[in-house]
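Colleague: Could you have a look at this structure, given as structure tokens, before my questions?
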Amino acid sequence: MNLTEAPSRDQIETFPNPVPGRAYVIEIVCPEFTTVCPKTGHPDFGTLTFTYTPDQCCVELKSLKLYLQRYRNQGVFYEVVTNRILDDFVAVVKPLRCELAGRYTPRGGISTNVTVSFPAKPN
């Protein structure tokens, strides 16, 4: 795999939901997510947690892992990358609902958590 290639939602694969008539929740935890700070060029680390209710299909985990690894060398802010990943996930998987929580490790004594939802929760 070439980690210099930009992530693309086309890399995310799915399989048919084995129980499409039941509303159930899937949680996927990705504890080794890495990007690069666009200001400093230093690596950023975090844990991504997907919590979703599938409709007609479920995400295939290896493809999700490979998609996320493409962010390893991308200079991107936490807020941007968390929203972009949720948008790509929703576009491909088409869940009934999904929440993505990005919990990023402290840098300079400050930690950041970004949580995004589909459909968007009212303010």
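The values are calculated or read from the model by the stated rules, or taken from the named source; none is laboratory data. Predicted model only: the values in this text are computed from it and were never measured. Positions of Cβ are backbone-derived with ideal geometry, glycine not excepted, and every protein chain shown enters the neighbour counts.
Colleague: Tell me, please, whether a residue that is within 20 Å of Glu5 (Cα to Cα) and surrounded by 15 or more Cβ atoms within 10 Å (Cβ to Cβ) can be found in region 37-45.
Modeller: Yes: region 37-45 contains one or more residues that are within 20 Å of Glu5 (Cα to Cα) and surrounded by 15 or more Cβ atoms within 10 Å (Cβ to Cβ).
Colleague: Which one is farthest from Phe45 (Cα to Cα), of the residues in region 94-123 that are of a type in the set (A, V, I, L, M) and in contact with a helix residue (DSSP H, G or I) (Cβ under 9 Å, 6 or more places away or on another chain)?
Modeller: Val116
Colleague: Ok, one more. Yes or no: region 57-69 includes at least one residue that is over 19 Å from Gly108 (Cβ atoms), at pLDDT 95 or above and touching a Leu at 6+ places or on another chain (Cβ under 9 Å).
Modeller: Yes, there is a match, as at least one residue in region 57-69 is over 19 Å from Gly108 (Cβ atoms), at pLDDT 95 or above and touching a Leu at 6+ places or on another chain (Cβ under 9 Å).
Colleague: Return the residue satisfying two criteria in turn: it lies in region 75-96 and is touching a Lys or Arg at 6+ places or on another chain (Cβ under 6 Å) and surrounded by 14 or more Cβ atoms within 10 Å (Cβ to Cβ), and of such residues it is nearest to Pro16 (Cα to Cα).
Modeller: Looking at the filtered set, the residue picked out is Val92.
Colleague: Would you be able to say whether some residue in region 4-26 is touching an Asp or Glu at 6+ places or on another chain (Cβ under 9 Å), of a type in the set (A, V, I, L, M) and more than 19 Å from Thr115 (Cα to Cα)?
Modeller: Looking through region 4-26, at least one residue is touching an Asp or Glu at 6+ places or on another chain (Cβ under 9 Å), of a type in the set (A, V, I, L, M) and more than 19 Å from Thr115 (Cα to Cα).
Colleague: Same structure, new question: Out of curiosity, is Tyr71 part of a helix (DSSP H, G or I), crowded, with 16+ Cβ neighbours inside 10 Å and not acidic (Asp, Glu)?
Modeller: yes
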